[in-house]
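Below is one structure, written out as structure tokens; comments come after it.
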Amino acid sequence: ISAEAFEDVKLELERALVVEMQGGGAGAVKTISKLEVANVRPTSGAGGFQASVNWSATASGNHWGHPHKKNIRFSALMEIAPVDGAWKLTGMTVTSAQLEI
């Protein structure tokens, strides 16, 4: 993550990686699967690109001593650009999070 975008991207990553479980507790993402990248297009100026990204996440947490598990399908718009000789995430907006059944 680029230093300039760290705080904004951190908030979006928290939205995507901390999942509310039954009873209001927080669950943590244990696995990510079905990663899809689409609509890759150049961004202006920085030599980077923007893409639509979809993935499924399995989150688990405990409520009253027993485990719960949720599968959620996420969509996000991500921006990636070369920063100091490395590709870095420079922007991210989670556009949807839907429970998978």
Problem - Exposure of residue 77 as accessible area (Å², to 10), given a probe of 1.4 Å and all protein chains - result: 60 Å²
Practice task
Keeping every protein chain in place, order 90, 31 by accessible area at 1.4 Å, biggest value first, i.e. largest first.
Solution key: 31, 90
Practice task
Keeping every protein chain in place, order 41, 73, 15 by accessible area at 1.4 Å, biggest value first, i.e. largest first.
Solution key: 15, 41, 73
Completion exercise
Simple SL model, points at 7 angstrom along Cα→Cβ for residue 49 and residue 71; separation in nm is 2.9 nm
Fill in the blank from the handout: Taking a ≥ b ≥ c as the square roots of the eigenvalues of the Cα gyration tensor, with a/c under 1.5 meaning rounded and otherwise prolate when a/b exceeds b/c and oblate if not, region 34-100 is prolate
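The values are calculated or read from the model by the stated rules, or taken from the named source; none is laboratory data. Because the structure is predicted, anything quoted here is derived from the model rather than measured. No Cβ is skipped: glycine too gets one built from the backbone with ideal geometry, and neighbour counts run over all protein chains shown. The area values use the complete protein model at the heavy-atom level, side chains included, leaving out ligands, DNA and RNA. Shrake-Rupley method; radii C 1.70, N 1.55, O 1.52, S 1.80 Å.
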